[in-house]
Amino acid sequence: MKYGAATIFAVLGWIMLVVQPLGGHASTGGFEMASEDPGMAEVAEAVPAFGGVFIDGGVLKIWLTGNASESAAVRVRSALTNHVSDEFQDMPVQALAADYTYADLARWSDQLIDIRDAVPGVVSLGVSQRHNRVEVGVSDVSAGREALDNELARLAIPRGAVRLIEQSPVHQLPIDNSPSPWWLAVGIAVAGLAIGAVTMRRKRSVRT
């Protein structure tokens, strides 16, 4: 079946009218919450002294409060294997003396979830397992330091438990959902109908 240019233009125009998306622009803010594997909470429950873990040179570096022994690090590795990933099972371990438990760091991080209301330029927040600290990223350290100190004092969070770093803001391009101009769609549809009418007249003239 062959379709003429008039039909194609008309259909295209009406489709543009019907499927115009609603709404304007959708964009995200400049704040990023650091995500942690949910299994870490179970590891912290299995080994209360657990303060975090990171991999360096193929070795599991495990933070432990109190007696940071290798046997305790092995227990953490078993918990990681059970609750996070079996890839940890055969990795060598190294125990590191931690200042804070993972459970405390996670709790303090949760308390700071609304920190943007008090500290200017916050772009990220989460537990830094590499540093055994809560980590707050701001666009300007000098502008955010005093406000952060005040907020930590208000929430009774140890200042030494929080690491403040300078970090570039998180930007995401806005999604343009604005509708196509209605007049363009109508114009295309009308043009298609007009072309169709002229074409039909010509065909009738040729036949007569």
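Values in this text are rule-based calculations from the coordinates and carry no lab data. None of these values were measured; they are calculated from a predicted model. Methodologically, a virtual Cβ is constructed for each residue, glycine included, from the backbone with ideal geometry; neighbour enumeration extends over all protein chains shown.
Run the simple label-point estimate for Ile55 and Gln94 please: 7 Å along Cα→C-beta, distance reported in nm.
With each label placed 7 Å out from Cα toward Cβ, I get 1.6 nm.
Could you check the simple spin-label distance between Asp114 and Asn67, using points 7 Å along Cα→Cβ, in nm with one decimal?
Taking the two extended label points, one gets 4.3 nm.
Treat each spin label as a single point 7 Å out from the Cα along the C-beta direction, and report the Arg130 to Ala41 distance in nm.
Result: 2.6 nm between the two label points.
How would segment 32-166 be classified by its alpha-carbon gyration tensor: rounded, prolate or oblate, with rounded meaning a/c under 1.5 and the a/b versus b/c comparison settling the rest?
prolate
Given 0.36 nm per residue, what is the gain on full extension from Asp149 to Val74 after removing their alpha carbon distance, in nm?
Answer, rounded to one decimal: 23.3 nm.
Where does the charge balance sit around Thr65 when Lys and Arg score +1, Asp and Glu -1, over other residues with C-beta under 11 Å from its C-beta?
Its environment carries a net charge of -2.
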